[in-house]
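The values are calculated or read from the model by the stated rules, or taken from the named source; none is laboratory data. Everything numeric in this text was worked out from a predicted model, so none of it was measured. Heads up, the Cβs are rebuilt from the backbone with ideal geometry, glycines too, and the neighbour counts pull from every protein chain shown. These area figures cover heavy atoms from the full protein model, side chains too; ligands, DNA and RNA do not enter into them. Shrake-Rupley method; radii C 1.70, N 1.55, O 1.52, S 1.80 Å.
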Number of protein chains: 2
Amino acid sequence: MTPEGVDVDANGAMQQSQRWAELGQQLRVDSVRAAAAAGSGHPTSSMSAADLIAVLLDGHLRYDFDDPANPGNDHLIFSKGHASPLLYAAYRAVGAIDVDELLSFRKFGSRLEGHPTPRLPWVDVATGSLGQGLPEGVGVALAGRYLDRLPYRVWVLCGDSELAEGSMWEAFEHAAFTQLDNLTAILDINRLGQTRATRHGWDTGAYAERLRAFGWHTIEIDGHDVEAIDKAYQEAVGTSGRPTAVIARTVKGKGVAEVENREGMHGKPLEDPEGAIRELGGVRDLRVQVLSPPREVPFHFQTTGELELPRFEVGDKVATRKAYGQALEAVGAANGQVVALDGEVSNSTYSEIFAKAHPERYFEMYIAEQQMIAAAVGMQVRGWRPFASTFAAFLTRAFDFIRMAAVSRADLRLSGSHAGVSIGEDGPSQMALEDLAMLRAVHGSVVLHPCDANQAAELVAAMAEQSGISYIRTLRGATPVIYQPGTPMPIGGSQVLRSNDSDRVTIVAAGVTVHEALKAADHLAERGVPARVIDCYSVKPIDTATLRAAADATSRIVTVEDHWPEGGLGDAVLDAFADSRPMPRVVKLAVSGMPGSGKPDELLRAAGIDAEAIADAAQALAEAP
Amino acid sequence: MTPEGVDVDANGAMQQSQRWAELGQQLRVDSVRAAAAAGSGHPTSSMSAADLIAVLLDGHLRYDFDDPANPGNDHLIFSKGHASPLLYAAYRAVGAIDVDELLSFRKFGSRLEGHPTPRLPWVDVATGSLGQGLPEGVGVALAGRYLDRLPYRVWVLCGDSELAEGSMWEAFEHAAFTQLDNLTAILDINRLGQTRATRHGWDTGAYAERLRAFGWHTIEIDGHDVEAIDKAYQEAVGTSGRPTAVIARTVKGKGVAEVENREGMHGKPLEDPEGAIRELGGVRDLRVQVLSPPREVPFHFQTTGELELPRFEVGDKVATRKAYGQALEAVGAANGQVVALDGEVSNSTYSEIFAKAHPERYFEMYIAEQQMIAAAVGMQVRGWRPFASTFAAFLTRAFDFIRMAAVSRADLRLSGSHAGVSIGEDGPSQMALEDLAMLRAVHGSVVLHPCDANQAAELVAAMAEQSGISYIRTLRGATPVIYQPGTPMPIGGSQVLRSNDSDRVTIVAAGVTVHEALKAADHLAERGVPARVIDCYSVKPIDTATLRAAADATSRIVTVEDHWPEGGLGDAVLDAFADSRPMPRVVKLAVSGMPGSGKPDELLRAAGIDAEAIADAAQALAEAP
């Protein structure tokens, strides 16, 4: 495709191992060129892995670069995303990009970003935050084995520095436990991190011993011996019942004396790129013919195609977390793409209801929230629609993964149960009081917080059709059902629960505080202070029009949330009023002191977010001059 | 102390092993009683570990319960924090609490919360989010070995379910690498998690193999054989050069047929507590005489006692991250309690400047942000003042640890470099765009974002004296020094950089946007729109008085931040105006699209937060009707 492309196969006389070695040098040269053109980047981290990638491309990877959505394609993930020059050099070698694009690396507007993102159609997941590519590769491999049921393989290039991340060990553990023999981790043991040698340096045995203990098949090789690399990949493909790690001793900056195996050479272009290219044997234009993937049709689950959400009787008391589970079961019955994951709390989040109904589409991730989110990201790469659930407080464990999922343009549904102090006795370690702030600050996210079971069910259904990252926050305790089944609950909407022309103040609430707000409105009515009540179940996007109408009508607003004062419902409401005319007066009620244990009512009262506190604040605001 | 206390030693005739067994039964009975009184809690998870704790209390732990600050004390951490009934039963057995307090478990106002917190003086760190107690224990053990240089031991009771958390493996790796033979992990392998068996069930060998590969000394025992437990603890104390894991096969719910080794019995009180207590042999009042700690004086580092902050020339260009490193070096020279930790990016965060000056107080944590924060929390338990640094984006990796550090009432200083799109070419994976939202939503936190080197230095000095969790966000690129050295920069303050009676609009900025705002003010002056500029370096607490004065003067406010629109500076400013009279009009400028790579200027422009965009927004707002 590229004008300078020369088919490797055309060089009939070239021996296979010589071809691989030459290709490795080309990948090094192109890595050096890309970083030189950019004036930044990680050429030395690319050079150590060049031979590993050369042999993979030429003889092992099965991939149609003209059809990245081909379900038969293998998956290649650079967990060490900073080796992007090598990845992009590989794309040039296979003819997917030309040299001009290669040299646009890191320039404004180029899709060849500093670290890989799915702006490039061959990139499954964004990497660059270390320790995420392998867990996400586990997700793709889980999809291959248990969902798609296709023979594609997942190849993940890992750095040695990132082996210090616990998330890598969550991945190693889960991959072995689920027998992912379709997964190969290629460990580029180049000894040097950013500022110093890694803990284990070139002791590949230290890694091999750990990985064998974790249940992996391991192969230790010289990562610059192309024959050994080839044999290792063959062995990986031939190994069944467990994943394989190719543990390759390599040299950082391999091939250029200026930088080879030297500290202080991380993350910067070479000082003399022209000299380096000469030292590497000059620019090459080898073109690799990557093996074609087999024609495959992914597995599909039998489903009804018709959504029948659970229906709850108005006046009954049902926990929204339970409604989540029932609705998820229903959504799963209608749509076979829907899958669920949980962090070993499925009887708390109620994803167990889905698990019982659709056991083949339920993935138990044990108490490993990072791997849970990563697995969900990996599954959506293949078009599955994962809902991942745990206690909302424990989603904080995976914030970096959620953040990066947005960079990955992932479609991801999250459910966090046990919101706020209303959980009661378990205490602050189990109370989500920052989850709204965290999820609001995710690019393009949707943040939902229902107060009743029918609303929760409608929102779960909406999430199944929503792209990007959406989040539903559910309650531990049972709350009264206040909406009729089937009441539309669009994302971005709200429900005005009390409204009268004489309203003097508006109370904006979500989740458990909706019920407190309704009680407060009753108190206020008795006190002669008519109050509007808005259930702002869609915290992001927020229903600006309805809020502004309320502000126009009452000019005084009380927000109340079971969350810290920062970044949650109150801040979202203030944001909706920014630059509106006239600006209402807003009083925010939220949890400001560190809670302890107690009954939910006691804790809501102590936090100043119960009906009494709301009524007092609303009355004071309504009667303020 | 307790009226019903009976000294174990008084029972002269009681054999040691019988005494331990009796004590184990007492701990079980008291766990059952506490959960029964609360109506919730985790008695079965307590019963499995009762013998392990009984033997520890009676013969191994060295602790003065009357003097929890005694530097010679051992440290006992329940990483499986849900076994709090067992911990509180132990406190009763040693006479630290009485039976009435034991039975206040989980009640409103009781310091015996659902999961342990330092409201109890014998609790070092809050647990309850699994996988944190061991990494924090590593921090305490690091302090013991490398800072205090005292022989105290750290004993951490771990659950088997939490071994799925990657953070545990960060801890195992770091503890072995740093040769923490003062650390003993007691693994309570009771086979059952919350909803099902763990991955490895009772296969203690699976854990032993993994831990040996990670460099630990391992001892596999029957966790109900008190003689074996005693021998194992002796062996742990006698092992040098590496930490020891006592891997104990136990039975969940041990001793009560109703719940023993049965699924579905997690996290709930027993149905028939009276019968269970009878089955366990009834209530006992054994009193343990815990071994006294040796009298010890912790090591102190030689320091000057006088703080000489670095001074930067106005007009020079210096990166605030570099000023951070220089100021930290100075703070460390003045105060020997100050220590630094970094996640293998010390030449990016510039903590390397501290490391070079004070190598004995620098802790390289490699790329393991969770362990980094946990180690810092562990060190502050012993009164050290840790500053932990990495890229601000990667602090998201440790959000759950930061959240829990607030529950731990920890004094913790965090530094996040490479804020926002202004980092340039590395792309979104390295750009912190949610860190202000994350850190604002931490209980009691301080969030600082300096724009110049002298300001950064002053704030580092302030952080060293600040309790609770404080955070400084630094910039990758060099920015002009605009403040004279020594200009006071109090936490909660701001700097009014441009101000005139005729100002028609106020621009509120922080960090890199301060410099854009100053340029914008110049443009605006040329356009005949005088603008006030406020450097809001203290994002939390925010300088409400100065902001309100500006609102009174100009009534129109533009906020501008290199951060997502949610939860950052703009929301903090809106919050400062909530319920103020009159409310100003506020326009928020922030990063709303997903950035790519490019030069800092290009990315600031594309995000609409550069001088031009600010000037246009401010002019439009000033001229709006």
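At a glance:
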quantity	calculated
Residues whose placed amide H lies under 5 Å from that of B:D579, excluding near-sequence neighbours	A:V586
Cβ-vector label at 7 Å, A:R548, separations to other copies in nm	2.7
Residue mean of other protein chain beta carbons inside 10 Å, B:196-205	2
Axis proximity, chain B to A: residue whose C-beta lies nearest, plus whole-Å distance	B:G166, 1
Chain pair B, A: total accessible area buried, heavy atoms, 1.4 Å probe, Å²	8600 Å²
Probe 1.4 Å, protein heavy atoms only - accessible area per residue of segment A:369-523 in square angstrom	19 Å²
Amide H contacts under 5 Å for B:S417, placed H, 5+ residues apart	B:T390, B:F391, B:A392, B:T474
Shielding by partners - mean other protein chain Cβ count within 10 Å, residues of B:341-351	3
Positive dipole terminus of segment A:184-252, leading residue within A:G201, A:A185, A:S240 (C-beta point charges)	A:G201
Net +/- balance of residues flanking B:R321 in space, Cβ distance below 10 Å, scoring K and R +1, D and E -1	+3
Gyration tensor (alpha-carbon) shape descriptor, segment B:178-286, a/c threshold 1.5	oblate
For A:D100, label point 7 Å along C-beta direction: distances to other copies, nm	8.5
Tilt relative to chain B, helix B:512-526 - C-alpha long axis, 0 to 90 degrees, to 10	20 degrees
DSSP beta bridges in segment B:175-309 [antiparallel fraction, %, rounded to 5]	10 percent
Accessible heavy-atom area order of A:T304, A:T559, highest first, probe of 1.4 Å	A:T304, A:T559
222 nm mean residue ellipticity, helices alone, for the protein assembly as shown (DSSP H n ≥ 4; -39,500 (n - 2.57); rounded to 500)	-10500 deg cm²/dmol
Label point 7 Å beyond Cα along the C-beta direction, distances from B:Q289 to other copies (nm, shortest first)	8.7
Cα point-scatterer Debye curve for the protein assembly as shown, base-10 log of I(q)/I(0) at q = 0.05 Å⁻¹	-0.33
Complex-versus-alone comparison for segment B:112-127, residues with a loss of 30 Å² or more in accessible area, probe 1.4 Å	B:E113, B:H115
For chain B, the longest site-free run once GluC sites (Glu not before Pro) in DSSP loop states with at most 13 other Cβ atoms within 10 Å are removed	B:5-262
Alpha-carbon Debye profile of segment A:252-361, log10 I(q)/I(0) at 0.12, 0.23 Å⁻¹	-0.63, -1.20
Straight-distance crosslink candidates among lysines, where the alpha carbon sits under 20 Å from A:K317 and sequence neighbours closer than 8 are dropped	A:K519, A:K599
Cross-link reach list, lysines versus A:K540, counting only Cα pairs under 19 Å and skipping chain neighbours closer than eight places	A:K588, B:K588
Percent of beta bridges antiparallel (DSSP, the protein assembly as shown, rounded to nearest 5)	15 percent
Vicinal HN-Hα couplings computed from phi for segment A:31-40 (Karplus, 6.51 cos²θ - 1.76 cosθ + 1.60; Hz; Gly/Pro x)	5, 5, 5, 4, 5, 5, 5, 7, x, 6
Coil-residue trypsin sites (Lys or Arg not before Pro) of segment B:224-317, DSSP, other Cβ within 10 Å capped at 15	B:R262, B:R295, B:R311
Å² per residue, accessible surface of segment B:103-217 at 1.4 Å	20 Å²
Residues in segment A:429-444 that, when all protein chains are in place, have 20 Å² or more less accessible area than the chain alone would give (probe 1.4 Å)	A:S429, A:Q430, A:E434, A:A437, A:R440, A:A441, A:H443
Charged-residue dipole, Cβ positions (Lys, Arg, Asp, Glu), the protein assembly as shown about Cα centre, Debye nearest 20	700 debye
Surface share of carbon and sulfur [accessible, 1.4 angstrom probe, percent] for segment B:173-220	41 percent
Cα gyration tensor, segment A:435-482 - rounded (a/c under 1.5), prolate or oblate	oblate
Nonlocal amide H pairs with A:V558, under 5 Å, H built at 1.01 Å	A:T506, A:I507, A:V508, A:V587
Whole-number D in µm²/s for segment B:428-584 (Stokes-Einstein; Kirkwood sum over Cα pairs; 37 °C, 0.692 mPa s)	208 µm²/s
Accessible surface of segment B:537-596, 1.4 Å probe, proportion on carbon and sulfur as whole %	49 percent
Degrees, to the nearest 10: A:133-142 long Cα axis against longest axis of chain A	80 degrees
Angle between chain B longest axis and helix B:226-238 axis [Cα atoms, degrees, rounded to 10]	50 degrees
Segment A:320-452: C-alpha gyration tensor shape, a/c 1.5 cut-off, then a/b vs b/c	oblate
Rg and Dmax of segment B:25-177, Cα atoms only, in Å	15.0, 44
